[in-house]
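Below is one structure, written out as structure tokens, with a few remarks after it.
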Amino acid sequence: MCDHDGRFYRNFSRRSFLKATTAAAATVALPAHLAGLLMPTPAFAATTIKATHGSGFCNMGIFLAKERELAKADGVDLDFVVTPSNTEITTMFGAGLVDMSMIPYSNFLALHDAGAPVKIVAGGGVQGCIIIAKEDIKSAKDLKAMNFGTFQADTLELLPYDYLKKAGLSFKDINVKYLDMTPEMAQAFLAGALDAICIVEPYATQCVSGRKGASVLSDGTDLYGPGYSDCVLAVRTPLLKKNPAAVKAIIKALFVAQSGAEKDKESALKDTVGKYYKTAMSDAVNAASKQPLCVDQRNMAQFILDRGVSMKELGYIKRLPDKSAFDWSVLEAVIAENKELYDGLKWKSAA
């Protein structure tokens, strides 16, 4: 399915992804360049929480929690383990080499299906998955035989899959190119190596503004409705059982970060653009409202479960997920103890 030109693309098969996911669920050793980044003891034994993250605006909450040390008042330090690819984010989390991850719900579902002891405990961001195409592509049918960039088992793969399916098409009608990281995919599109992509903000805005004639085919709301989930906060079950207070501190920090971003987006962008987002500030400002933070995603649980149908059709999972994927108890405790903070949020669940 995938070509390789030595620069942008890599070979990929769902069998290899499933093999890596299953191995991660069984807790395997990682290559030395990753294992060397990790402490030899589980982080739940101390006050430091090790986490992986993605690259979109849905991660802004955890970036702000880190930069502003928002969990420190509750005795918790957040430590990021930087990975060279999206696949290794999933692998490290599934293998238990980090405690938590801000991760696309789709990657989580693959780990959950493989038997990894992980739970979704909160949300990250909503919306912001964008299908962008070059100047002469205006509809799903125009994508036929075009080079389309995305990530494996990602929400950015599910959206184009569902988009094509709604139009009576499939991945067999396009040339899917799987990439490793978001900035890489953006540069491939801007360089003309890809005809269309599915990408998150603020890189979607960067791609539209940076390539003449580029336009948005779907922002996800046309398929899923407003406020659809993208990334979630998932934690290892051992951490949740042994140190729920640490998980509680991180979720509270995410709520504080969301509140701060909603009240002062400019400050939030200044703290994250450049270090975490490799885009111009002007693109980030234009994209700021398209992928808002939403920590309380209890009302998105059924949406996430429903996406399991597409995940199964794509071959990433064998069984449809159920409510055992979630544990909202710590989030609900944080809400109960911080009513004023919660009530002041713009984006939150109706549950």
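So here's what we get for this one:
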{"item": "Residues being out of contact with any Phe, Trp or Tyr (no Cβ under 8 Å at 6 or more places or on another chain), under 12 Å from residue 100 (Cβ atoms) and open to solvent by 10 Å² or more (accessible area, probe 1.4 Å) - total across the range 210-247", "result": "2"}
{"item": "Residue tally, condition open to solvent by 40 Å² or more (accessible area, probe 1.4 Å) and within 15 Å of residue 276 (Cα to Cα), over the range 70-89", "result": "3"}
{"item": "Filter result (open to solvent by less than 10 Å² (accessible area, probe 1.4 Å) and of a type outside the set (S, T, N, Q)) within the range 104-115", "result": "105, 108, 109, 110, 111"}
{"item": "Condition check for residue 153: at pLDDT below 95, crowded, with 24+ Cβ neighbours inside 10 Å and either of a type in the set (A, V, I, L, M, F, W, C) or over 19 Å from residue 309 (Cβ atoms) (or both)", "result": "yes"}
{"item": "Subset of the range 318-351 that is open to solvent by less than 30 Å² (accessible area, probe 1.4 Å) and assigned to a loop (DSSP other than H, G, I, E, B) - its residue that is modelled with the lowest pLDDT", "result": "349"}
{"item": "Sole exception among (1) open to solvent by 10 Å² or more (accessible area, probe 1.4 Å); (2) closer than 24 Å to residue 90 by Cβ; (3) touching a helix residue (DSSP H, G or I) at 6+ places or on another chain (Cβ under 7 Å) for residue 169, by number", "result": "(2)"}
{"item": "Long-range neighbours under 6 Å by Cβ, at least six apart or interchain, first residue under 12 Å from residue 130 (Cα atoms) within the range 212-226, second small (Gly, Ala, Ser) and buried (at least 20 other Cβ atoms within 10 Å of the Cβ)", "result": "217/133"}
{"item": "Failed item in (1) touching an Asp or Glu at 6+ places or on another chain (Cβ under 8 Å); (2) over 27 Å from residue 283 (Cα atoms); (3) open to solvent by less than 10 Å² (accessible area, probe 1.4 Å); (4) at pLDDT 95 or above, with residue 124 passing the rest", "result": "(2)"}
{"item": "Verdict on residue 137 being open to solvent by less than 30 Å² (accessible area, probe 1.4 Å), out of contact with any Lys or Arg (no Cβ under 6 Å at 6 or more places or on another chain) and free of Cβ contacts under 8 Å to residues at least 40 places away in the same chain", "result": "no"}
{"item": "Those residues of the range 179-209 which are surrounded by 23 or more Cβ atoms within 10 Å (Cβ to Cβ) and part of a loop (DSSP other than H, G, I, E, B), in sequence order", "result": "179, 194, 201, 202"}
{"item": "Criterion violated by residue 144 - all others in (1) farther than 24 Å from residue 245 by Cβ; (2) open to solvent by less than 40 Å² (accessible area, probe 1.4 Å) satisfied", "result": "(2)"}
{"item": "Residue in the range 258-317 that is most open to solvent (accessible area, probe 1.4 Å), counting only those that are aliphatic (A, V, I, L, M) and not in a helix (DSSP H, G or I)", "result": "280"}
{"item": "Options 330, 295: the member that is within 19 Å of the chain's Cα centre (by Cα) and among the β-branched types (Val, Ile, Thr)", "result": "295"}
{"item": "Every pair of residues 6+ apart whose Cβ atoms lie under 7 Å, when the first sits in the range 161-181 and is closer than 17 Å to residue 316 by Cβ and in contact (Cβ under 8 Å) with a residue 60 or more places away in the chain while the second is polar (S, T, N, Q) and open to solvent by less than 30 Å² (accessible area, probe 1.4 Å)", "result": "161/310; 162/310; 176/150; 178/150; 178/152"}
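The values are calculated or read from the model by the stated rules, or taken from the named source; none is laboratory data. For clarity, every value in this text was computed on a predicted model and none was experimentally measured. So basically every Cβ, Gly included, is an ideal-geometry build from the backbone, and we count neighbours across all protein chains shown. Heavy atoms of the whole protein, side chains included, go into the accessibility calculation; ligands, DNA and RNA do not. Shrake-Rupley method; radii C 1.70, N 1.55, O 1.52, S 1.80 Å.
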